[in-house]
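Take a look at the structure below.
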Amino acid sequence: MNKKRSQEMNIFSLLNEIKTSSRYENQIVHIEEIPAREALYAPLKLKKQVKVALSRAGIEDLYSHQAETIEKIREGKDIVLCTTTASGKSLTYMAPIFEAVLENPEATALYISPLNALVNDQLKSFLEFEEVLKSGAGIARYTGALNEAQKRKVREGQTNVILTNPEMIHMSFLAWHHLWKRFFSNLKFIVVDESHYYRGVIGSNMANLLRRLLRVAEYYGAAPQFICCSATIGNPEDHTETLIGRKAEVVENNGSSQGSQRFVFWNPPLYLNKKGCTLRRSSFAEASSLFTRSVRAGLQTLVFTRSRQGVERMYKSCRELLRDRNLFPAICSYRSGYFDREREEIERKMNSGELRGVISTNALELGIDIGGLDACILDGYPGTVMSARQQAGRAGRSGNESLVVLVAGTNALDQYYMRNPADFFARSSENAVLNPKNPYILTGHLLCAAKEIPLRTSDEKYFGKGYPRVVELLEAEGLLTGDGLKYSTDSFPYKHVSLRGIDNNTYSLLAFEGEKSFPIEKDIEETLTFRECHPGAIYMHRGESYYINRIDHEKKEIHAVKTHDTYYTKPMIDSSVRVQETYAVKSLLHAPEVEVGLGEVEVTDRVIGYRKIQTQSNDTMSIHDLEMPPVTLQTMALWLKLPNRLQEMIGEHKLDFAGGIHAVEHAMISMYPLHLLVDRSDVGGVSTPSHPDLGDKSGIFIYDGHRGGVGYAEKGYDLIEQVLDGTLKAIESCPCESGCPSCIQSPKCGNNNEPLDKHAAIMLLHEILGKAPYVPTEKKEKHLSEVRASGAAPEKRDTGDALDRVRRQLRRETIKQEPSAAQEKKEKTFIATDENGGMIGVVSAPAPEKAAAKTFHQKFRGKKEPIKEKPLEIRIRDLGAGSDYNFRLWIEISENKENESDNEKDGNKVLKRLIIRKVN
């Protein structure tokens, strides 16, 4: 029996075993049978040496998307390849790079990855290909793991291809660019791998970093091309062009093969707790059980869970569950915070098959080669369709059938998809958001740019039309000096720029055994330290529990000792918000008396205590007070200022107004990922029945969780009607009586989910959305309160009052003078149906024609090839405008005869063009 057939039987048997188990309670609400996809190849003329090397590696033909990408690179275009995991993206940049080196032995290429694990993975691929090709290319990695002698060897040697990360670009390649003169002078390609990763803070930083990199390369006479490789996102062209600051062409028609996949939606069952409340069993317990079942069934399995401590708790639990079969040594945990050597060892064991199961955060979501997995379990919806598909794509990489199980959490978005699984599979991936103009980020990068090469007027082409004003303000504060050329007055401004998150304030975790201590984790951010490593907390590492007994703020050390306690801890956090400046105000369409505001705010979070929670039952054992320093965050927020009549109306129905606005706040945050590529931890909220900055009126604040803001508040302000409408649907569609974690409760609430009032929330939303008045039922029931761990960003560090004043002024000017800049390329949501009205999918695009094209490429490419005489009919509905459009699409085929060379002969090149015609 072949491996593929055996694999199918293993998965079939596992699902049958689960369904016939006494513990099965109809948790499977949907199984999507995703059919296998046949490969689509395309001819491409390659250099003979490269073709031979590919053949020796077992590659005789190129996928259609690989051929198309290489063609565009040869034409000198900047590109972004946007296809699924394991679709052969690496070859699309390796082939052009090696061809360039064969033509010119001095040519160089720079590969940039967000993770060192990917750097190591791709280094291995480059070296293996070179071993067969023998082009003479010098290939090396350049990361912080190298010692000074090793780094010097890379810089001064005849290195053609360097693989590195953003931090090394910032601190070495640019800060010491004169040491890289030979490399920069011959730079032909800049490869940005996993480019979808660069969104939010890291994306805004990366956009500025790449502009600086291009500026230095051009200073040395180079004109490099960008080759970006991305997962499937909703706006690959817009995102890439914002990231690199140049026009880019998109390749997204995936020609790679894929094994069939069973995608299971698993909703944990309901039960009655000791207090008589109806609750849903945790996704944690269900995912743990499924993981151990899968490992026992012989399937190599990866489970994704959302938090670092969640990984550790699940690892410890699963290790005990597998102890009876002596399988516990065959599983492991994986997350950020581990030392490089630990993570590399886990990756090696996973790839070799030595490990049968790994429990990970999204650290393994990116394309690190860990072999062909059989099954993937998602402990809770990861927040975006894009991430869910990326994680699911980890299974079946070898082309065999695979199993994916999405285990729903209790929050609104998870339960929404359990009730509407078709929407998940029809929905396009979300848009990726970044904001290179963020003044908290841009100003620091301009200081670094001035240190690299003195700034001049012409540098506006790199940094945009706001560049002169930024330079003017930096000069006024004494941060730049000079008449024609502007020099940085700081001898090393790089220390003021942290690429991953704007604050550099981090702690190390030390484990103590008697008088001895040893480090077990490093670079723990201050906010994470205060939330998870406060005195009295239980912190887990590699499946072991540690009791935190003190924090040394001067040395930035967390002191811990091993413990065998059977509880975990959750912090209690008090949050407040102050409006510092209002930038924009508008009224809601159906409720003009409701004011929507956008502006700069200061959010203050303070850990005021923590709860001890029993591991097995999740019952609160005790509550402890705690005094911790406050953490303040200067950021952007949107807010709703509500008229007094709404409070009076809620009171007349004897409902809780404070509970109503609190419930709306929670539900708005949980539904935010439906509208843009954002994790719910990236935004926070505060609600209050009376706020001094709103004229003592009630208000709901939704704020950007990153210092200075990265566009989440502005986007929410633009889409406020859609956000509120989605919030109402989520609350109303939940079958609970008076609120539960699936609609209005939040696991992150610092007020223990008190007060909350579901009916007050529905009544408020009906009013402000202009819907029919809502008459609530009188029946109300208790709900189980959970705890909040705030997602706020770290306290602002003093990296220069002058720099902060410049940033604040730039934010003020950007919002007030260019209120529509964020909407220049705004996309709409469309529904695509066939000629009979059958649902095809939901798609985001700037126009109906683009929506039709995107629908064809995503749903029919490679499956149908309509001709003019028998076109494909697609109907597109604009959800916002309520308009319908009919289109006919077909493929037009032509031949383009190429010249034959003396040594090689090509056949006719078939050109295929998608024709779209609007039908009245």
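Could you name every one of the helices (runs of 4 or more DSSP H) located completely within the range 1-98 that has at least 1 residues being within 29 Å of the chain's Cα centre (by Cα) and farther than 26 Å from Leu373 by Cβ?
Where helices (runs of 4 or more DSSP H) fall fully within the range 1-98 and carry at least 1 residues being within 29 Å of the chain's Cα centre (by Cα) and farther than 26 Å from Leu373 by Cβ, they are 64-74.
Report, by residue number, each residue of the range 162-196 that is hydroxyl-bearing (Ser, Thr, Tyr) and crowded, with 23+ Cβ neighbours inside 10 Å.
Ser195 - this is the single residue of the range 162-196 that is hydroxyl-bearing (Ser, Thr, Tyr) and crowded, with 23+ Cβ neighbours inside 10 Å.
Please tell me if Ile370 is modelled with pLDDT under 90 and among the hydrophobic types (A, V, I, L, M, F, W, C).
yes
Which numbered condition trips up Gln158, out of (1) within 22 Å of the chain's Cα centre (by Cα); (2) more than 22 Å from Ile73 (Cα to Cα)?
Of (1) within 22 Å of the chain's Cα centre (by Cα); (2) more than 22 Å from Ile73 (Cα to Cα), only one is false for Gln158: (1).
I'm told Lys247 meets every condition in (1) in the same structural domain as Val192 (by TED's automatic domain parsing); (2) charged (D, E, K, R); (3) modelled with pLDDT under 90 except one. Can you identify the failing condition by its number?
(3)
Just to check your reading of the model, which residue among Ser742, Ser746 is on the phi < 0 side of the Ramachandran plot, among the polar types (S, T, N, Q) and at pLDDT below 75?
Ser742
Counting just the residues of the range 309-333 that are touching an Asp or Glu at 6+ places or on another chain (Cβ under 9 Å) and in contact (Cβ under 8 Å) with a residue 60 or more places away in the chain, which one comes out surrounded by the fewest Cβ atoms within 10 Å (Cβ to Cβ)?
Lys316
List, please: which pairs have Cβ atoms under 9 Å, are six or more places apart or on different chains, and start with a residue in the range 7-35 that is within 16 Å of Asn400 (Cα to Cα) and charged (D, E, K, R) and end with one that is part of a loop (DSSP other than H, G, I, E, B) and modelled with pLDDT under 90?
What qualifies is Glu8/Asn400; Glu8/Glu401.
Answer yes or no: is there a residue in the range 147-161 that is surrounded by 20 or more Cβ atoms within 10 Å (Cβ to Cβ) and either in the same structural domain as Ser336 (by TED's automatic domain parsing) or not in a helix (DSSP H, G or I) (or both).
Looking through the range 147-161, at least one residue is surrounded by 20 or more Cβ atoms within 10 Å (Cβ to Cβ) and either in the same structural domain as Ser336 (by TED's automatic domain parsing) or not in a helix (DSSP H, G or I) (or both).
Within the range 206-219, is there a residue that is closer than 30 Å to Gly393 by Cα and touching a strand residue (DSSP E or B) at 6+ places or on another chain (Cβ under 6 Å)?
No.
Taking the range 628-657 on its own, how many of its residues are more than 33 Å from the chain's Cα centre (by Cα) and farther than 25 Å from Lys586 by Cβ?
Final tally of qualifying residues: 6.
Assess whether Val264 counts as being outside any helix (DSSP H, G or I), more than 28 Å from Asp121 (Cβ to Cβ) and touching a residue at least 40 places away in the same chain (Cβ under 8 Å).
Answer is yes for this residue.
Which condition number does Gln647 fail, the rest of (1) over 23 Å from Gly695 (Cα atoms); (2) touching a strand residue (DSSP E or B) at 6+ places or on another chain (Cβ under 7 Å) being met?
Every listed condition holds for Gln647 apart from (1).
Within the set of pairs 6 or more residues apart or between chains, which connect a residue that is under 17 Å from Ser87 (Cα atoms) inside the range 221-243 to a residue that is assigned to a helix (DSSP H, G or I) and of a type in the set (D, E, K, R) with Cβ atoms less than 7 Å apart?
Cys229/Lys89; Thr232/Arg389
Tell me, yes or no, whether the range 570-583 has at least one residue that is surrounded by fewer than 16 Cβ atoms within 10 Å (Cβ to Cβ), at pLDDT below 85 and of a type in the set (Lys, Arg).
No.
Inspect the range 800-810 for any residue being among the hydrophobic types (A, V, I, L, M, F, W, C), at pLDDT below 80, assigned to a helix (DSSP H, G or I) and under 30 Å from Arg531 (Cα atoms) and give the result as yes or no.
yes
Among what's in the range 44-59 and is out of contact with any Phe, Trp or Tyr (no Cβ under 9 Å at 6 or more places or on another chain) and surrounded by 14 or more Cβ atoms within 10 Å (Cβ to Cβ), pick the residue that is nearest to Ser90 (Cα to Cα).
Ile59
Can you list the helices (runs of 4 or more DSSP H) found entirely within the range 381-464 that contain at least 3 residues being under 29 Å from His666 (Cβ atoms) and in contact (Cβ under 8 Å) with a residue 60 or more places away in the chain?
Counting at least 3 such residues, we get 385-392, 412-419, 421-426.
For Ala109, are the conditions met, namely being crowded, with 20+ Cβ neighbours inside 10 Å, over 23 Å from the mean Cα position of the chain (by Cα) and in a loop (DSSP other than H, G, I, E, B)?
So Ala109 does not fit the description; no.
The values are calculated or read from the model by the stated rules, or taken from the named source; none is laboratory data. Quick caveat: nothing in here was measured; it's all calculated off a predicted structure. When we count neighbours, we look across all protein chains shown, and the Cβ atoms used for this are built from the backbone with ideal geometry, even at glycine.
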